[in-house]
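To start, the structure itself, in structure tokens.
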Amino acid sequence: MQHGGKYNKFQISLQASRLLLLSQSPISRICLSCLIFDFQLAITNFKRAREATMRKFECIKPKAGAIDFSYPILVSVGQPAKLFCIPKVLCASSDYFKTALKEKWREGKIGAVELQDVDPRIFNIYANWLMRRKIYIDCKITEGKVMTGQYFLAFTAYALGDRLRDPDFKDAVTDAIAYYMIMEKDGEGYKYPLPCDSSINMLYATTTPGCTARRLVEHSVAALLNKKFVSEKFPPAFLVGLVQELSKKKRDDLEDAVARCAFHEHAPGAANCYRNKFK
């Protein structure tokens, strides 16, 4: 109220000065013009100061959007079931859980969700992401330059993120996949450890066309294409994507593409990337 009163006084004084200006001599008009300018500048500065003050309170949100931390969510995963006790903060990350845990549904009333067809190992990767914002998967090459288990786990985790509708988790997983591909370096540069055909088949069987994980794999394989690597074992969708990638006149270096979030789903702007959101 006090600030509002000051603002109104500025406005009244400004109007009075303008009226007085019409009836004064040229010199007086110059003085009054300067005074009016000072008033206008004061009003502008006041508005800016008020806006700056209000920005400090942007974190304030309506109560209806608050998460209830009074009880955790019980998630039953796999067969036989393995139980995960997750803080309800999980709802803030996953649109799937937000919907499933609404009070009008059975899951929302009892605070429990069943994911019988999900591998507990994969859900544990997701649970660790929720709590620690890291992707916990070992990075060991098991067959020469080809990685098997690590890619399989990462691709399955990406598919789970797609199902749970958690884009930040999916972006983090694509970064993990990219890390596997660029973590080795020799005198000639990077030689990416490639996923085996069974892992690529699994990825294309569980994800949608054009998704970021598919684009990342197509980009990486195209950059290091070895004719011996391609065979009839791969799904047609992968081969089509690979041909499209190879047809590009210019292709970014993988590291550069990853650094600029080329394989992320988030909205444009560094502030929307999990790398900055969860520092």
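Derivation of every value follows stated rules applied to the coordinates shown; laboratory data play no part. Because the structure is predicted, anything quoted here is derived from the model rather than measured. Every residue, glycine among them, receives a Cβ derived from its backbone with ideal geometry; neighbour counts consider all protein chains shown.
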- So how much slack lies between residue 138 and residue 45, counting 0.36 nm per residue of separation and subtracting their Cα-Cα distance, in nm? 27.9 nm
- Quick calc: nm separation of the 7 Å Cα→Cβ label points for residue 99 and residue 252 -> 3.1 nm
- Note on the structure: The residues 181, 202, 131, sorted from fewest to most surrounding Cβ atoms within 10 Å, come out as 131, 202, 181
- Item | Entries in 82/104; 134/233; 82/233; 98/279; 98/277; 63/277 that, when Cα-Cα distance is taken, lie over 29 Å | 134/233; 82/233
- residue 262 versus residue 92: modelled label distance in nm, points set 7 Å from Cα along the beta carbon direction: 3.3 nm
- Query: Computed FRET efficiency, Cβ-Cβ of residue 206 and residue 71, R0 30 Å: what is it to the nearest 0.05?
  - Reply: 0.40
